[in-house]
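The values are calculated or read from the model by the stated rules, or taken from the named source; none is laboratory data. Just so it is clear, the model here is predicted, and its values are computed rather than measured. A quick note on method: Cβ atoms are made from the backbone with ideal geometry, for glycine too, and the neighbour counts reach across all protein chains shown. Note: accessible area is taken over every heavy atom of the protein model, side chains too, but ligands, DNA and RNA are not part of it. Shrake-Rupley method; radii C 1.70, N 1.55, O 1.52, S 1.80 Å.
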Amino acid sequence: MFEKILIANRGEIALRVLRACKELGIPTVAVHSTADANAMHVRLADESVCIGPPAARDSYLNIPNLLAACEITGADAVHPGYGFLSENARFAEILAEHNIGFIGPKAEHIRTMGDKIEAKQTAKKLGIPVVPGSDGGITDDVEALKVAKKIGFPVLVKAAAGGGGRGMKVAHTEADLSMALSTARTEAKAAFGDDAVYLEKYLTRPRHIEIQVLGDGKGNAIHLGERDCSLQRRHQKVWEESPSPALNLEARDKIGEVVAKAMRDMQYLGVGTVEFLYEDGAFYFIEMNTRIQVEHPVTEMITDIDLILEQIRVGAGAELGITQKDLRFPGHALECRVNAEHPITFRPSPGKILHYHPPGGLGVRVDSAVYQGYTIPPYYDSLVGKLIVHGRTRPECLMRLKRALDEFVVDGIETTLPLFRNLVRNQDIIDGNYHIHWLEHFLAEGGMEV
Ligand code: MV4
């Protein structure tokens, strides 16, 4: 097992990793920018090192400074959390070159999944269903038109280096195609320095359903069920739940087993998420994330498995102790991302928290690193905390959510709590009847009452 883990992150995820390390009896090192000197993760870690000024590129993304922090403290492994360097294959390699463990997948798998064309080809080869589209990159208009006519309009042009929705263009008819291609190419080149694009059938009203996986890099891998992350705004997830209101047990077991087998075949190491669009009863692979995700607690609540703890164990070379047959998915869990933003305009609202009272009680979990008197800095993401609720059934879960939202007090800044108080009372949400565009339609129609 590792002897000392450096946590290359901040906020609630740094705290979450710290807690798993504590339970494993592994000493921890926090790193922080000058803006985070008073942060909770710094206070709770065994040691801490300042790694630079507020801007992330000079601190949390600064590889030489992180290496120096490992050297100074004698840390023999790094947990990257999510965001920052968590999906940087070069960082994983550099750590290995210095005999420091990277708690994450093999560098080659990070790299493969980072290129969306390669990711899709790999998924297809492994037997995972993919969206119909071009077989690899598209280089000219003639080829694009041939593919588009075969799969049928509307089609979507996507950037190979994209993800998170950047560099995507829809072509509704043949007349739009040439423009969609050149615009997508130009945007991809500007945003990622890579103008490779590919073509897919455009699904108009799918749900976003992702499968959580865990592997030990030696051919053992399991799936931990799905999360429905369809409720999002501008590619920022807002609410995630498991099981998906759209799936039955057979459908989940079937796609779960396909994904788990693929992970066994590729000898995947660590936690990962295989993302699908789900429409008319069919799954279509879009991307794979090779990191722990923000919404992982939803899966933890229904499986009773500590994903970070397992991630550390397999990262240190242990074999997977859990088999698929050991796993059950009882009950329902749901996460609300409470952001420091205006609930209608979503304008960021950093500043000092004057009063803070998180909810508690049966089936309620809050993952947060804030406290009363804490000032949320303007330099990073605006997550105040994640409210996770759990119940035996979805209605019980929603009942607890409503109650927890009424208890939750965060004063001094604007938060998105009022958005969730609206959503939990909305009939479509109560019915589980939503898709990836539902929230943006709801907001555009002025659905919010404050
Ligand atoms: C799609 C799609 C429709 N059809 N692909 C957006 C980000 C990237 N991860 C994939 N995305 C999409 N790919 C096809 N063939 C619609 C989206 C999409 C989306 C996907 C998941 C969650 C929210 C979304 C919001 C808008 C568009």
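Is the stretch 57-189 best put as rounded, prolate or oblate by its Cα gyration tensor, with a ≥ b ≥ c the root eigenvalues, rounded for a/c under 1.5, and otherwise prolate when a/b is larger than b/c, oblate when not? Note, shape of the stretch 57-189 comes out prolate.
Please state the relative contact order of the chain as a whole percent: Cα pairs under 8 Å, 6+ residues apart?
Reported relative contact order: 14 percent.
Mean Kyte-Doolittle of at least 0.0 and a Cα length of 18 Å or more along the axis: which whole DSSP H helices of the chain meet both?
Helices passing the filter in the chain: 11-24, 174-192.
For trypsin sites (Lys or Arg not before Pro), the sites in the stretch 356-434 that DSSP calls loop and that have at most 16 other Cβ atoms within 10 Å are 392, 425. Using the 1.4 Å probe convention, the accessible area of the chain works out to 41 Å² per residue with neighbouring protein chains retained. For the stretch 335-401, the list of GluC sites (Glu not before Pro) that fall in a loop by DSSP and count at most 15 other C-beta atoms within 10 angstrom is empty. Converting phi to 3J(HN,Hα) with the Karplus coefficients 6.51, -1.76 and 1.60 and the offset θ = phi - 60°, the stretch 431-444 yields 7, x, 9, 8, 9, 5, 9, 4, 5, 5, 5, 4, 5, 5 Hz in sequence order, with x at every glycine or proline. Quick one: grab the alpha carbon gyration tensor of the chain, order the square roots of its eigenvalues as a ≥ b ≥ c, and give me rounded if a/c is under 1.5, else prolate or oblate depending on whether a/b is larger than b/c. It is rounded, given that a/c, with a ≥ b ≥ c, falls under 1.5. Evaluating 6.51 cos²θ - 1.76 cosθ + 1.60 at θ = phi - 60° for every residue in the stretch 197-207, the Karplus couplings come out as 10, 9, 10, 9, 4, 8, 8, 7, 9, x, 9 Hz, glycine and proline recorded as x.
Calculate one ³J(HN,Hα) per residue across the stretch 370-382 by plugging θ = phi - 60° into the Karplus curve 6.51 cos²θ - 1.76 cosθ + 1.60, and present them in order as whole Hz with x for glycine and proline. After applying 6.51 cos²θ - 1.76 cosθ + 1.60, I find 8, 8, 4, x, 6, 9, 6, x, x, 8, 10, 5, 9 Hz. Annotation for the stretch 175-271: trypsin sites (Lys or Arg not before Pro) lying in DSSP loop with at most 13 further Cβ atoms inside 10 Å of their Cβ are 234. Under a 5 Å amide H cut-off, with hydrogens placed 1.01 Å from N, residue 270 pairs with 215, 216, 217 among residues at least 5 apart or on other chains.
What percentage of the solvent-accessible surface of the chain, computed with a 1.4 Å probe over protein heavy atoms, is contributed by carbon and sulfur atoms?
Working: 9380 of 18570 Å².
Accessible surface attributable to carbon and sulfur in the chain totals 51 percent.
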